[in-house]
Each structure stands twice: as structure tokens, then as C-alpha cells.
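Novice: The structure is given below, and queries will be raised subsequently.
The values are calculated or read from the model by the stated rules, or taken from the named source; none is laboratory data. Quantities reported herein were computed from a predicted structural model and do not represent experimental measurements. Positions of Cβ are generated from backbone atoms using ideal geometry, with glycine treated the same way; all protein chains shown enter the neighbour counts.
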Amino acid sequence: MNVINRLLRSAAVALALTATTAMAQTATTNTTTGLPRATEMTHTAVQQQPSTVNAPSHPFAFGAEIGANIDFSSTESSCFDIDIYGGYRHGVIQVLGLGVGLHPSFSHNRRFIPIYAMFRCNFKPGRSLCFADAKVGMSINELNAMNHNTGLYASAGIGFNLWQTRRVKTHALIAYNYTGIKPFAIYTDKALHGVSIRIGVTF
């Protein structure tokens, strides 16, 4: 009996040592595999989420802007600006497309209708505080009851991205505007030079 008891004890000790060694090897393997743990994967997902949450939901952009254009020429043609636009967007490109505006003057019965191609892009990929904006086209000018003409329209400015979601983006824009005109009445100016300040929304 003593011999049997000693053999049983020896076998139990051997099994315990074997199990302990196997568990230690398994823990070492899991530590050195380099696979991300559940907590690491969750942390990574949280870090990646902000960069994609405001990604556009479709490749086409449609928007509108409202603001004022302060005229620096001698014709006193400062205007109230309303513009709508649409086009393609991808990556840093916010809008590559066409737009049209209605710009009636504040103090005179004058109207300017610019029709233009536009290009708007962020300064860097992902989240960007600022963007560049450029427009070029033609303006239909109603300067008075007897004087209607067309001229070159061009605009260049810098914008600031404000509140944004996947479907809606808002912005503010400051730009220089050039509108070609023919001299009329007592004015000798051949162009209107102004600075516009606008707020807008893009879908």
C-alpha cells in the first residue's frame, strides 16, 4: 500500500507540474503574438471614428450662400448676394461645378446675375479649418432702365468650415469679386471691385 500511495502522489505531482507549465506557455504565446486585444481594438475604433464620421454620404454637392458685397468702385453698387451651386466632390475637393447668383444693389435699382464655374477645396485632407474658393464666368448686368450689358465675373477667396455632419456642412466665406461693366450714366468705371462676406450651407 505504501508503494501504491507513493506512486499516486508522484503521478499527481507530475500532472500538476505539467498543467502549470502548459498554462505558462499559453500565456507567453498570447503575449507575444502581437494580435490586438479586445480593449486595444475598441480603443482603435474610437480613435478612427472621428476621421470618418463627417465623410460625405454621396459624391455630389448642392449648396447656397447669402451675404453682402461691399463695392469699392465709384458707382455705389454694393449688393445683397444670394447664390446657389452644385457639382462634384471628392477628397479635399468640396465642390467642382457650376453656380448662379442674384445680386441686387442696396441703394440703386441695379441687378447683377453672375453665372460661373467654381472650384472649392480644403487646404489639407481630412478635417480642415480653411478652404480656397475660386469662381469665373460672366455677369448679366442691369445697371439702369436703359443700360443692360454683360461682363467678366471672377471671385477668389478663403473660407472657414464651421458646423459639419455627414449630410450638412456650413461655412463662412470672405472673397474679392470682380464684375466687368460698361460705363453708364455719369460713371466712367469699367468694372466693379468689391469684397463679399457670406455664410453658406452645403448638402
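Novice: Among the residues in the range 156-175, are any charged (D, E, K, R) and surrounded by 14 or more Cβ atoms within 10 Å (Cβ to Cβ)?
Specialist: yes
Novice: Do you know which of the residues in the range 176-193 that are among the hydroxyl-bearing types (Ser, Thr, Tyr) and not in a loop (DSSP other than H, G, I, E, B) is surrounded by the most Cβ atoms within 10 Å (Cβ to Cβ)?
Specialist: Looking at the filtered set, the residue picked out is THR179.
Novice: Assuming VAL95 fulfils every condition listed in (1) out of contact with any Ser or Thr (no Cβ under 6 Å at 6 or more places or on another chain); (2) part of a strand (DSSP E or B); (3) farther than 15 Å from VAL201 by Cα apart from one, which condition is it?
Specialist: Unmet for VAL95, out of (1) out of contact with any Ser or Thr (no Cβ under 6 Å at 6 or more places or on another chain); (2) part of a strand (DSSP E or B); (3) farther than 15 Å from VAL201 by Cα: (3).
Yes or no, residue by residue, for (1) surrounded by 15 or more Cβ atoms within 10 Å (Cβ to Cβ); (2) under 29 Å from ARG198 (Cβ atoms); (3) assigned by TED's automatic domain parsing to the domain that holds ARG166; (4) modelled with pLDDT under 95:
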| site | (1), (2), (3), (4) |
| --- | --- |
| ARG6 | no, no, no, yes |
| ASN30 | no, no, no, yes |
| GLN48 | no, no, no, yes |
| GLY67 | yes, yes, yes, no |
| ILE82 | yes, yes, yes, no |
| GLY91 | no, yes, yes, yes |
| GLN94 | yes, yes, yes, no |
| ILE113 | yes, yes, yes, no |
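Novice: Related question: Go through the range 176-196 residue by residue and tally those that are within 14 Å of PRO114 (Cβ to Cβ) and of a type outside the set (Gly, Ala, Ser).
Specialist: Within the range 176-196, residues that are within 14 Å of PRO114 (Cβ to Cβ) and of a type outside the set (Gly, Ala, Ser) number 6.
Novice: While we're looking at this one, here's another question. Quickly run through the range 164-185 and pick out the residues that are aromatic (Phe, Trp, Tyr) and either at pLDDT 95 or above or not assigned by TED's automatic domain parsing to the domain that holds PHE119 (or both).
Specialist: Hits for the range 164-185 are TYR176, TYR178.
Novice: Next question, about the same structure. Looking at this structure, is LEU152 more than 16 Å from HIS193 (Cβ to Cβ), modelled with pLDDT of 95 or more and hydrophobic (A, V, I, L, M, F, W, C)?
Specialist: The answer is no for LEU152.
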